């Protein structure tokens, strides 16, 4: 099974380097780093990891289309590709819903903000710059005139698009090298629906894109302890309280009334109570948690649904997870 590894930018850069070296040794094919507006810079991580590893891919998951101009992104990732000797992957997304508005950018209503149009212009411009040709482009969001990159990437740089929008997922299947299906929490059923959107775009273009998906992962020798790590993870609680739709969890035995009490505690700021109220079934439906064999079974369920590159996002005992789920060991 092909596996990648991914993290939020909350750890010191030297710790990320150490984990990337370990992931390379264990046979993971790429190392992905989220971009954040208020944590460490993703490009700095990727640069440092590129210099400290030899074979593992280095990827942004994702760079957002508001804070970096497409010409800046194209130049930055062309430079990273040179530094990494062709191991760089550019993951693009609109950006974090809670934080982008803090910069004065409006995200809704989409009929006015036109996110798909923004993404399509961004992708077009990045690839025009990478081509090495002189760029003249006039769009609704971006305008570039008489610009030419001073060097040309030695190899094509894979471009992945992340989105929760069915329209953008179809677009990504049509034009991108890869699609990032989930930011880390998704049921198998929801993933299947998302892949159907991607497949629609692939069919229109007569092509196939890589289907990557982040998977929040907690692995240990004690199954319940591994679940409890997920329950206490702030991002999981936020997503379960504010983002995940109750109807998506019904097929997994989680009734809406069970979530209502949890969400009420969360919105009152009682994180400890919200954690206590998380159903085991919600953890099992949305994340990878348990002993190594069970974790691999769960990952396989997503692969059978159509995910071609699981990006594990381990929390808790991260090094144990890297060793226990290592592709290099599973091939022995």
From the residues in the stretch 141-182 that are touching a residue at least 40 places away in the same chain (Cβ under 8 Å) and under 19 Å from residue 247 (Cβ atoms), which one is surrounded by the most Cβ atoms within 10 Å (Cβ to Cβ)? 181
Somewhere in the stretch 307-314, is a residue surrounded by 22 or more Cβ atoms within 10 Å (Cβ to Cβ) and not in a strand (DSSP E or B)? yes
Restricting attention to helices (runs of 4 or more DSSP H) lying wholly within the stretch 1-110, give those where 1 or more residues are without any contact (Cβ under 8 Å) to a residue 24 or more places away in the chain. 13-25, 70-83
Can you tell me how many residues within the stretch 28-39 are over 20 Å from residue 161 (Cα atoms) and surrounded by 18 or more Cβ atoms within 10 Å (Cβ to Cβ)? 1
I want to confirm something. Restricting to the stretch 194-210 and keeping residues that are closer than 26 Å to residue 107 by Cβ and surrounded by fewer than 17 Cβ atoms within 10 Å (Cβ to Cβ), which single residue is nearest to the chain's Cα centre (by Cα)? 196
Does residue 264 count as in contact with a helix residue (DSSP H, G or I) (Cβ under 8 Å, 6 or more places away or on another chain) and either exposed (fewer than 15 other Cβ atoms within 10 Å of the Cβ) or assigned to a helix (DSSP H, G or I) (or both)? no
Scan the stretch 196-232 for residues that are in contact (Cβ under 8 Å) with a residue 60 or more places away in the chain, under 30 Å from residue 266 (Cβ atoms) and in a helix (DSSP H, G or I) and jot them down. 223, 226, 227, 229, 230
Of these, 59, 16, which one is at pLDDT 95 or above and in contact with a helix residue (DSSP H, G or I) (Cβ under 7 Å, 6 or more places away or on another chain)? 16
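One line per residue, one yes/no per condition, for (1) within 20 Å of residue 61 (Cα to Cα); (2) at pLDDT 95 or above:
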position	(1), (2)
183	yes, no
195	yes, yes
213	yes, yes
227	no, yes
242	no, no
262	no, yes
270	no, yes
279	no, yes
Kindly establish whether residue 254 is touching a residue at least 24 places away in the same chain (Cβ under 8 Å), assigned to a loop (DSSP other than H, G, I, E, B), over 17 Å from residue 8 (Cβ atoms) and within 20 Å of the chain's Cα centre (by Cα). no
The number of residues in the stretch 267-298 that are farther than 25 Å from residue 194 by Cβ, buried (at least 19 other Cβ atoms within 10 Å of the Cβ) and in contact with a strand residue (DSSP E or B) (Cβ under 8 Å, 6 or more places away or on another chain) is 1
Please work out if residue 301 is within 21 Å of residue 1 (Cα to Cα) and loosely packed, with under 15 Cβ neighbours inside 10 Å. yes
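The values are calculated or read from the model by the stated rules, or taken from the named source; none is laboratory data. Note that the coordinates shown come from a computational prediction; the quantities given were computed from them, not determined experimentally. Every residue, glycine as well, gets a Cβ built from its backbone with ideal geometry; the counts of neighbours run over all protein chains shown.
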